[in-house]
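Comments concern the structure below.
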Amino acid sequence: MANTEEKLEQQEQVQATEALPTETEAEQTEQMDDIGFGAPSTVYSEEEWEQQRVKSWPRQIHVFGTRQNQVNRGTAARLRTLEIENRTLKLKMEQLEKELEAVQVREKKSLGRVAVMIDRMQAELDRVRLSNQLNSNAVDRLMKRAQEEDEAALTEDIESTDATESDE
């Protein structure tokens, strides 16, 4: 599992670096000079300094300059690495934004279908309620009619019993 994730990360980094435009060393140096991270245009190695007849600056300054050049090169390399990482993150962010938009579209469609289903269920529920109400009213009418018929039959029985008793 961890190997798979590492492989994916490596592939993404390779893809991100491949997507970056290649720059010549001169362009990189020019860009770094523009922002203050470039190495001086004339960098003297230790041997060159030793071979100069007339030393234009003292050795301490030369050593400091050599070390500073090394620091500048390291800083420039780190800056380039950070630029690559930044570009990689921007590409990832763009990809994730596209995926997010796709998810939003899918969810919108899904919610639309759910809304339609809810509307249908609500209509069915209203129909069942109405049917229940109508059935209740019909049952009430039948019960009243049965009760009235029972009362009428009872009244007839009472009248017929009264009539038979009066005949006797």
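Just so it is clear, none of the values below were taken in a lab; they were calculated from the coordinates. Everything numeric here is computed off the predicted structure, so don't read it as measured data.
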Kirkwood Rh and Cα Rg combined as Rg/Rh, the range 74-168: 1.85
Length gained when the stretch LEU111-GLU151 is fully extended (0.36 nm per residue, less Cα-Cα span): 8.6 nm
